[in-house]
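Bear in mind that the values in this text are calculations on the coordinates, not laboratory data. Given the structure is predicted, the values throughout are model-derived calculations rather than measurements. Cβ placement follows ideal geometry from the backbone for every residue including glycine, while neighbour counts extend to all protein chains displayed.
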Amino acid sequence: MGAVPVLDEVVPARQPWGGWIAKGQVLRITDLEGQQAVDFLCYDAADPSERYSATNTLKVQGRIYIELDTVLYSDTGLPLMTVVADTVGRHDTIYGCCSNPNNLLRYGVQTTESCYSNFETVLAQFGMGRSAIVSNINFFMCVPVEADGSAGVTTSELQPGSYVELRAERDVIAVLSNCPQMHNPCNGYNPTPVRVTVLPGA
């Protein structure tokens, strides 16, 4: 029998979520219906200025994707979380989150919801503002980089129930946006719910 979850809830399509994850606990994010991008950030709960650093994480592991055994490092090199299970294989680190101004620049459309606005909403619950939003991880999102340096969001055929698990290496604040994007293929043009589960430490 598996461990009894500390928390288990469904995040509706287009909505944010945030929570405290204690050291040793495991956060599982499950793509319930397949092909649903999840934008993610994490912070040291004791000092939220110690936030996920894409550059440190990528430089230390020497790869541009998040995958099994990747350690998520902070600005000063503190380990925040480690990927301990992954049914997908790799996740995007370079495309950041969608925002309403960016949607206008890229697609010529006025939008009222985005991952950026979701991050603003959920971070406010932890006393953080816009300055806490940095380059994020896009779980379940495919952004191949070609030999000539070109990149772009592509359709990924992810199975329903795909998941990633992250172990907290210290007490952390984890926040995510269940991406509402409708103008590129990251969500299959159909945003859907995801599940967030927190499992006790070993």
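Which of Gly96, Gly108, Gly188 ends up with the largest GNM mean-square fluctuation for the chain, with Cα atoms connected below 10 Å?
Gly108
List the pair-distance distribution P(r) of the range 1-60, using every Cα-Cα distance, as the percent of pairs falling in each 5 Å bin from 0 up to the bin containing the longest distance, rounded to whole percents.
3, 11, 21, 22, 21, 15, 6, 1
So in the chain, which Cys have no other cysteine's beta-carbon sitting under 4.7 angstrom from theirs?
Result for the chain is Cys42, Cys98, Cys142, Cys179, Cys186, no neighbouring Cys Cβ within the cutoff.
Which value at 222 nm does the chain reach when only helices count, each DSSP H run of 4 or more adding -39,500 (n - 2.57), with the total divided by all residues and rounded to the nearest 500 deg cm²/dmol?
Theoretical 222 nm ellipticity from helices: -3500 deg cm²/dmol.
In the Gaussian network model of the chain, springs joining C-alpha atoms below 10 Å, which of Val84, Val175, Val60 carries the largest mean-square fluctuation?
Val60
Just the ratio, please: alpha-carbon radius of gyration of the range 7-199 over 2.2 N^0.38 Å, N its number of residues.
0.94
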